[in-house]
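Reading through the structure tokens given below for one structure.
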Amino acid sequence: MKKTNLSEHNAAEVPSGKGFRIGIVAAEWNSEITHPMAQGAYDTLMQYGVTADDIRVVHVPGSYELTTAADLMLRNDSHLDAVICIGCVIQGETRHFDFICEAVSQGLTNVSLKHEKPVIFSLLTTNDMQQALDRSGGKHGNKGIEGAVTALKMVQLQHDLEHNKQ
Ligand code: RBF
């Protein structure tokens, strides 16, 4: 099945998050975008059975700091199963676009491999503010919700593979 948008996901295909412990890191830069995404991620984790005690939310100044925060969270909480990283970089508004996107995508990959845990890339990289609004609760869904669904699927996959269930 072709899938480009997990916001309207099939609940039957999403693993239960019962017993999972998940971190959320959200950048304050473009907070009108990142806060609804973080809320969408949080609500989705709760919807699938992750308890409030097992969701750790932290904020960082900008998307560039997502990498450091994800690394710190995983280093200091050995029970964490995954970290969802939420940010928004708008191309038309900053020449830093390429630097930040490259650093975050490479940085989060490195953190994931270093800690051997899923680190979810929920970084909006849009041409303008309208495209970001469309993806943070607008006509293209909420990429924070999709980040949470991806986190649940990846934690379950890791568990299954480590226990030879797939
Ligand atoms: N952070 C974002 O999350 N999104 C942005 O669009 C964004 N644009 C920036 C533009 C400039 C010129 C600078 C200096 C920073 C920007 N940042 C942005 C903040 C960046 O992620 C980081 O917080 C700072 O560079 C401090 O390390």
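Just so you know, all these numbers are worked out from the coordinates, no wet-lab data involved. For clarity, every value in this text was computed on a predicted model and none was experimentally measured. Note: ideal-geometry Cβ built from the backbone for every residue, glycine included; neighbour counts use all protein chains shown.
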Query raised in the report: To the nearest 10 degrees, how steeply does helix 97-115 sit against the main Cα axis of the chain, on a 0 to 90 scale?
Result: 10 degrees
Query raised in the report: Residue by residue, what Karplus-based ³J(HN,Hα) values in Hz, rounded to whole numbers, does the range 53-68 have, using 6.51, -1.76 and 1.60 with θ = phi - 60° and x for Gly and Pro?
Result: 5, 9, 10, 10, 10, 10, 10, 10, x, x, 4, 4, 7, 4, 4, 4
Requested in this report: Please determine, in degrees from 0 to 90 and to the nearest 10, the orientation of helix 143-162 with respect to the longest principal axis defined by the Cα atoms of the chain, where the helix direction is its Cα long axis.
Outcome: 30 degrees
Query raised in the report: For Gln130 and Arg95 in the same chain, what is the full-extension length gain: residue separation times 0.36 nm, less their Cα-Cα distance, in nm?
Result: 10.8 nm
Requested in this report: At q = 0.15, 0.18, 0.22, 0.29 Å⁻¹, work out log10 I(q)/I(0) for the range 22-72 with the Debye formula, treating every Cα as an identical point scatterer and leaving solvent out; two decimals please.
Outcome: -0.40, -0.56, -0.78, -1.09
**Report entry** Cα gyration tensor shape of the range 88-154, rounded if a/c is under 1.5, else prolate or oblate by comparing a/b with b/c
**Finding:** oblate
Query raised in the report: Distance in nm between label sites at Glu32 and Lys165, each 7 Å beyond Cα in the beta-carbon direction?
Result: 4.3 nm
Report summary line: Whole-number value, in Å³ per residue, for the convex hull of the alpha carbons of the range 18-160 is 92 Å³
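Report the extension gain between Ala103 and Leu157 in nm, rounded to one decimal, defined as 0.36 nm multiplied by the number of residues separating them, less their alpha carbon distance.
Values: separation 54, 0.36 × 54 = 19.44 nm, distance 2.65 nm.
Fully extending the segment from Ala103 to Leu157 adds 16.8 nm.
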Query - Per-residue [θ]222 nm for the chain (sum of -39500 (n - 2.57) over DSSP H runs n ≥ 4, rounded to 500) - result: -14500 deg cm²/dmol
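Return the subset of Lys114/Lys165; Lys117/Lys139; Lys117/Lys143 for which the Cα-Cα distance in this structure is over 26 Å, preserving the input order.
Numbers: Lys114/Lys165 24 Å; Lys117/Lys139 31 Å; Lys117/Lys143 20 Å.
Violating the 26 Å limit, Cα to Cα: Lys117/Lys139.
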**Report entry** With at most 11 other Cβ atoms within 10 Å, longest stretch of the chain clear of loop GluC sites (Glu not before Pro) (DSSP)
**Finding:** 9-115
